[in-house]
Structures are given as C-alpha cells and as structure tokens.
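One structure is given here, and the rest of the page talks about it.
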Amino acid sequence: MADGSESAGQNSVLEVRDVVKTYVRGGLVVEALKGVSWTAERQRMTLLRGRSGSGKTTMLNLIAGLDRPTSGSIRFEGRETTSLADAELTRFRRQEIGLVFQTFALLPTYSAFENVDLVLRIAGVDAVSREARVREVLGLVGLEKRMHHRPFELSGGEQQRVAIARALATRPHLILADEPTGELDSATGLGIVRLFRQLMEDEGVTICLTTHDSAVAALADVAYEIVDGHIAGQTSAAARVSLPSA
Ligand code: ADP
Ligand code: MG
C-alpha cells in the first residue's frame, strides 16, 4: 500500500464541495442535494445522519461514482473523481472504495467465502493470494468458523459481517456504508459499528456511514446532520473514551 504518503495538511481522504444533485423524473425536478460540503478525515468514522429522503444515499452514490453530481466537486485523496471517464470511475469504485448496504447484498447461493472471493476475482487477483486474503478478512470480522455457510444459514449480523469482509477484501482506503445497521436489532447494530471502529485501527481504513439511529451516531468521530439536501449541523466526539470491544 502506498501509505505514509500524506503530505502536511493532506489528512482528508474525501472533500465534498458545493455538491448539487438534481433528478428530473417525468418533468418533475427533485433537488436531492442542494449544495453540500463536508470532509472525511483519514482513519476517522464520519457519519451522515438524517431522515429518510434527506439525501444520504444520493451522497454516497456520488462518492462511489455510481452517479454523477449535477455540479460541485468531490476529491478523493486529492484527486477530482467527478471528471473521471466512466471506465476510470468503475476501476476507482472497484479498487479504492468498499461498499456496504443496508440489506447486505450477498449472493444467496454463494458461501461467505465465495461472496468475498468474487470481488477479488473481479479485481484479477490470483487464486493463492485470494484464498489467503479471503481467510484473513473473514477472520477480521470474526467469521472464520462460518466461512462455508451460505447467507440463509447466517444471522443478519453475521451476513453484514460477510458484507464488511467483502468490502475490505481489495484493501480500499475508504468504506462507504449506507444504513448498515438498518436491518439489525440495536445490540447487533452497535456490534457492527464497533467492528467498523476496530477495522479502522487494524486495517487503517476510513469509514463513512449513514444512519438515522442516534445510538449509532454517538459512536462516530464526526456526524453531519443532513436535512432536506442541506448540511444543517456538525457534531464531533470531544474526547472519545475507548469502547469496550464487541
Ligand atoms: P435518503 O437516503 O436520505 O433516504 P435519498 O438520497 O435516497 O435519501 O433521496 C433523496 C431525495 O432524492 C428523495 O426525495 C428521493 O425521492 C429523491 N431521489 C433519489 N433517487 C432518485 C432518482 N433516481 N430519481 C428521482 N429522485 C430520486
Ligand atoms: Mg437512503
């Protein structure tokens, strides 16, 4: 990994500036994001918190390059991603970003191992390196003993751990997680957020997640409140005491 490359004052992984996203559907204009600016610092957990329809998923989709902003700038490790050509944007998403979804999005007929292995195959990693990395990331999320189970043989929390292992497999610098606790009971959800914090330490990743759950928000380093396509406020964890491990 090309780490240790942060030059002075370059500690942000992501800089979002004046991002506007307008959808036009059947002649109706929806302004999902109305000029949004925020920053994600390296190895921090940054949270976007807001009600349903406030623009959270739209924001993460733009960062991941699944869609393009109407105007504004998104810089990832100093590079503008909004001006990348489609093929470069796809490569960027596959190699530099890990995605985690509310509904896990695992392939149902694949085992945990095969679900994680697939992203490494797509990335062109050889079989020997793949096997080592799949075992390593499933170990990091505490699922080494469930490796050959398929999603229906796993609990919701375990399925989300597989999805997190899959997101980590290609060693992305940034993980984007859209309401990753939304389908889980609150204790399991908090376990997932604690796991993310542990992975920030162990793997050096930066995490951006969305939620509308205040218990989840309390575990973030920085939380941006998003209301109707605007950033309405920002809170930071003042002095974070170390969390009990999950
Ligand atoms: P959240 O994730 O916070 O619930 P979204 O980003 O999904 O919010 O949606 C923000 C707004 O943009 C909503 O009003 C939603 O209906 C609208 N929207 C999202 N995606 C589309 C789309 N593809 N076409 C039209 N409108 C959309
Ligand atoms: Mg959403």
In degrees from 0 to 90, rounded to the nearest 10, what is the angle of the helix 186-203 Cα long axis to the longest principal axis of the chain? 90 degrees
In a shell of Cβ-Cβ distance under 11 Å around Ile164, excluding Ile164 itself, what net charge do Lys and Arg (+1) and Asp and Glu (-1) give? 0
Quick query: amide H of Thr206 versus all other amide H atoms, modeled in the peptide plane; which residues come in under 5 Å with a sequence gap of 5 or more or a different chain? Gln43, Leu174, Ile175
Once the principal axes of the Cα atoms of the range 153-246 are found, what is the range along each, listed largest first in whole angstroms? 41, 27, 26
Sort 18-27, 153-162 for me by packing, meaning the mean count of neighbouring Cβ atoms within 10 Å per residue, highest on top. 153-162, 18-27
On alpha carbon coordinates alone, what is the Rg over Rh value for the range 4-239, Rh being the Kirkwood radius? 0.96
Can you list the HN-Hα couplings for the range 81-92, worked out from phi with the Karplus curve (6.51, -1.76, 1.60; θ = phi - 60°), rounded to whole Hz and with x for Gly and Pro? 8, 5, 9, 5, 5, 3, 5, 5, 5, 5, 4, 4
Mean separation of Cα contacts under 8 Å (at least 6 apart) over the residue count of the chain, i.e. the relative contact order in percent, is 27 percent
Please give the length that would be gained between Glu31 and Glu225 if that part of the chain were fully extended, namely 0.36 nm times their separation in residues minus their C-alpha to C-alpha distance (nm, one decimal). 68.1 nm
In degrees, nearest 10, range 0 to 90: what is the angle between the Cα axis of helix 127-140 and the longest Cα principal axis of the chain? 80 degrees
Could you work out how much longer the chain between Ser214 and Asp202 gets when fully extended? Use 0.36 nm per residue separation minus the Cα distance between them, nm to one decimal. 1.8 nm
Nearest-0.05 FRET efficiency for Thr22 and Arg79, computed from C-beta distance (R0 30 Å): 0.75
Any chance you could give the angle, 0 to 90 degrees and rounded to 10, that helix 112-122 forms with the longest Cα principal axis of the chain? 60 degrees
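Only the coordinates and a few stated rules stand behind these numbers; no lab work does. The model shown is predicted, which means the values in this text are computed figures rather than measured ones. Note that each Cβ is placed from the backbone with ideal geometry, even for glycine, and that neighbours are counted across all protein chains shown.
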